Each structure stands twice: as structure tokens, then as C-alpha cells.
């Protein structure tokens, strides 16, 4: 069963084409990594799905076209986006930021509670009343993910969740994402492809706004395709 279907997606900013004819099918379970170098079109793809930028092509979520929908309505369908940069409400506490996330539930029951978020990120249980602007980068990322979870996502999209985090905090975040992916489909944009591939079973690799690979992560094991996508083809591979 397909949860998210992207067909012929094109995102353009002025004369710059960020995404050029992308097709991306995502199943209703598991985790899919969207990989590629900076400027490959990864974040633009998530923004198009969330209704944050205009696009050409077709995006269908659980059989419903997202064409013309506002970001708020898309979120209330259960398609929740954790953007790069966390974007918390700095003048609200940890608990208040989490409660804001619950507004995306709409009439959909179930899902994650604030207690579930504290179980995933025990560090937050100790600081519910701390203002968001005073948090470390790792704490902010935990709150950002938690805010998405209490919105009862049917699919959660995360943009660079390990960006700017120490290796230890990144490990904590990815352990939580592994648990999340066991219950909720995850579409993950990540520059740290080795971390992403540890929790994802499917991958799409972008280069210059186009897909150069779609399939099981096992197909990326030799690393050559990823190396070419991130750093360009080596002299030897270019000759071959």
C-alpha cells in the first residue's frame, strides 16, 4: 500500500530548478531516506509536500491529492513536517511547545502523548518548564520531534535531524527515530547518509533535482552511487 505518491514533481525558484521531474513512491510502513548533496532538492521536496512552496506535478497522500491545500490542512491530515532548524516558539516552554503540536491532531484520536515523548527523550522530562530559547541544540531537536509526534502523524517528515548535533546527541535522536519508524512511516532527509541508512529500509538518491536511485538501501552498499551523488564521479568511474 502506498502512503505517499509523488509524480513528476518540479519545484522552481526564479530561474533555478530545485526539483526536476521527481517520482517518489512511499509505502505505508517503514522509513525512506531522501539523500543527496546540498542543493540536490531534498528540502524543496519536503516543502512541496507540506504546501510551503508552489510546484508542478502531483502529490497524493493516502489517496488524497494535496494540490491547493494549505500547510495547516495538510498537517491536519496527519502529514507532519519537522523542518530544518527546529523552529520552536522560543518564548514558550518545552511543555507549551508540545501542547501547540497537539493542535494538528484535529479529530484524529490516538497517537503519541506528551508522556510518550518524555519516554522517548527522558532529558525533556526534567525540563518541562524551561523556555525553548534557552535549550541546547539537541534539546531543541528533541522538542521539535516531540511536537510533531503529539500531532498524531500518519507520516512524519524530518529534515536534517542530526544537523549541528554532537555524535552522542545524534545517536540519542536516531535511537528515538528507530523506535518511531517501527510505528509511524518516516520520510527522512539527512546529510549524514550513514546514520539515515541505519534506520531506513528504502532510499531515493537525488542529484541536481533528479532521482538517480530508488530502491532498497541494500543497493547502496558499495557506496559508489552515493559518492557520485555527494561528491561527483571520480576520475576512474567517469572513465568507465
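The values are calculated or read from the model by the stated rules, or taken from the named source; none is laboratory data. On a predicted model such as this, the values are computed, not experimentally measured, just so you know. Please note: Cβ atoms are built from the backbone with ideal geometry, for glycine as well, and neighbour counts cover all protein chains shown.
In region 24-48, the qualifying residues are those that are part of a strand (DSSP E or B) and within 13 Å of the chain's Cα centre (by Cα), and the one that is nearest to residue 193 (Cα to Cα) is 35. Of everything listed in (1) under 24 Å from residue 189 (Cα atoms); (2) out of contact with any strand residue (DSSP E or B) (no Cβ under 8 Å at 6 or more places or on another chain), the single unmet condition for residue 119 is (1). Scanning region 1-25 for residues that are under 21 Å from residue 153 (Cα atoms), touching a strand residue (DSSP E or B) at 6+ places or on another chain (Cβ under 6 Å) and surrounded by fewer than 22 Cβ atoms within 10 Å (Cβ to Cβ) yields 2, 3, 5, 24, 25. Being part of a loop (DSSP other than H, G, I, E, B), in contact with a helix residue (DSSP H, G or I) (Cβ under 6 Å, 6 or more places away or on another chain), surrounded by 14 or more Cβ atoms within 10 Å (Cβ to Cβ) and on the phi > 0 side of the Ramachandran plot: is that true of residue 111 here? No.
All but one of (1) without any contact (Cβ under 8 Å) to a residue 12 or more places away in the chain; (2) within 30 Å of residue 21 (Cβ to Cβ); (3) out of contact with any strand residue (DSSP E or B) (no Cβ under 8 Å at 6 or more places or on another chain) hold for residue 125; state the number of the condition that does not hold. Failing condition for residue 125: (2). Taking the conditions (1) buried (at least 22 other Cβ atoms within 10 Å of the Cβ); (2) over 30 Å from residue 60 (Cβ atoms) in turn, residue 206 satisfies each one other than (2). Scanning region 171-178 finds no residues that are in a strand (DSSP E or B), touching a strand residue (DSSP E or B) at 6+ places or on another chain (Cβ under 7 Å) and under 25 Å from residue 104 (Cβ atoms). Cβ separations smaller than 7 Å between residues 6+ apart or across chains give the following pairs from region 72-84 residues that are over 15 Å from residue 61 (Cα atoms) to residues that are in a helix (DSSP H, G or I): 82/144; 82/145; 82/148; 84/43. Within region 135-169, the residues that satisfy the criterion of being part of a helix (DSSP H, G or I), touching a helix residue (DSSP H, G or I) at 6+ places or on another chain (Cβ under 8 Å) and more than 19 Å from residue 95 (Cβ to Cβ) are 137, 169.
If residue 89 passes every condition in (1) touching a strand residue (DSSP E or B) at 6+ places or on another chain (Cβ under 7 Å); (2) surrounded by fewer than 21 Cβ atoms within 10 Å (Cβ to Cβ); (3) modelled with pLDDT of 90 or more; (4) in a loop (DSSP other than H, G, I, E, B) but one, which one does it miss? All conditions pass for residue 89, except number (1).
Listed here are the residues, each with its yes/no results for (1) within 13 Å of residue 180 (Cβ to Cβ); (2) touching a residue at least 12 places away in the same chain (Cβ under 8 Å); (3) under 18 Å from the mean Cα position of the chain (by Cα); (4) buried (at least 20 other Cβ atoms within 10 Å of the Cβ).
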{"site": "117", "(1), (2), (3), (4)": "yes, yes, yes, yes"}
{"site": "140", "(1), (2), (3), (4)": "no, yes, yes, yes"}
{"site": "153", "(1), (2), (3), (4)": "yes, yes, yes, yes"}
{"site": "156", "(1), (2), (3), (4)": "yes, yes, yes, yes"}
{"site": "164", "(1), (2), (3), (4)": "no, yes, yes, no"}
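Scoring residue 157 on the criteria (1) modelled with pLDDT of 95 or more; (2) on the phi > 0 side of the Ramachandran plot leaves a single failure, condition (2).
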